[in-house]
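Here the structure comes first, spelled out in structure tokens, and everything after it is commentary.
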Amino acid sequence: MDILRPGLLGSFKEFCEYFCYVNDKGKAIVLENKRASLRNELQKHVMLRRKKSDVLKELKDKVRYKEVIDADTDYYFGELGKIWTKLEEEQKNAETAFDKSASYQRAIQSERQIAGVAKLPHVINFVKNIMEIEESVVVFCHHKVIHKLLHDSLEEFSPVSIIGGQSDKFRQEQIDKFQRGESKLMIAGLRAGNVGINLTRAKYVIFAELDWSPAIHRQAEDRLHRIGQKNTVFAYYLIGNGTLDDHVANILVDKSYEIDSIMDETADTYENKDKAELILAQIHDKIRSK
């Protein structure tokens, strides 16, 4: 805001004092009774708000569903112990605040990765169940090691891939192959495949791993939910039971609600659990009948 309209919201300290409260985790959260006034200030001075549902009225629904799946908690907690033992040692030996922060961030990244590995067999089973109904599917993940394990474990479906480090030419070839139906499975990195591409061939998107930012997930969903999509898009978030996923999922919900309630008068979550569960039931019925 300081770039677009210097001084509009005051200094950061003034903004926090007027609009926010500090929660029990030390985070500044916009007060519910201040959200409307903040939205009005933004709309009056700097923001044009046009929602997809307003300008693309022919676009079908988008349905989100959180699916809690099993995870190998023995593996998870065993690896977690190693990570935090290493962290404690690094914190003792850290010479600067930067060293301490970097060490902590590495530990969190490692924990996110082992959470992904711990639930991976159940993620693979979930993807295979969706593939059984012969629909095109997009799977998003975060870590390169998870990307590779998914690709290797689902090789029978001849998946195409989007991941950081690919050339623009190869990346587009992979997208085109998927859009033409030559492959029914796309495995994409959350941050590499969340913007600027069209994956409307699919109506199912599965999040094998979670990002901290709701915006990253929405952008990834919208690779399918965009012009050219003729079907309802189903987004399944796979949560590893008893792992870091539980915490990340709660943060995503909190952030999404706050953002929606500031930007719009009502929070728009696109959730329809009944419809999403019906699709799952149909998938399971089809598998049992084979």
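3J(HN,Hα) couplings calculated from phi for region 199-205 with the Karplus curve 6.51 cos²θ - 1.76 cosθ + 1.60 (θ = phi - 60°) are, in sequence order, 10, 6, 4, 9, 10, 10, 10 Hz; Gly and Pro show x.
Distant-in-sequence amide contacts of Gln166, defined by a placed amide H-H separation under 5 Å and a gap of 5 or more residues or a different chain, comprise nothing.
Take the convex hull of the alpha carbons in region 92-244; its mean projected area over all directions comes to 10.6 nm². Separation of the alpha carbons by more than 22 angstrom is noted, of Lys66/Lys203; Lys60/Lys128; Lys25/Lys82; Lys66/Lys177; Lys62/Lys230, for Lys60/Lys128; Lys25/Lys82; Lys66/Lys177. The GluC sites (Glu not before Pro) found in region 158-216 that occupy coil by DSSP, while having at most 14 further C-beta atoms within 10 Å, are Glu182. Once you sort the root eigenvalues of the Cα gyration tensor of region 1-133 as a ≥ b ≥ c, which label holds: rounded (a/c under 1.5), prolate (a/b larger than b/c) or oblate (the other case)? Taking the square roots of the gyration eigenvalues as a ≥ b ≥ c, region 1-133 is oblate.
Each reported figure results from applying straightforward, stated rules to the coordinates on display, with no laboratory input. Keep in mind the model is a prediction, meaning the values are calculated, not measured. We place every Cβ from the backbone using ideal geometry, glycine too, and count neighbours over all the protein chains shown.
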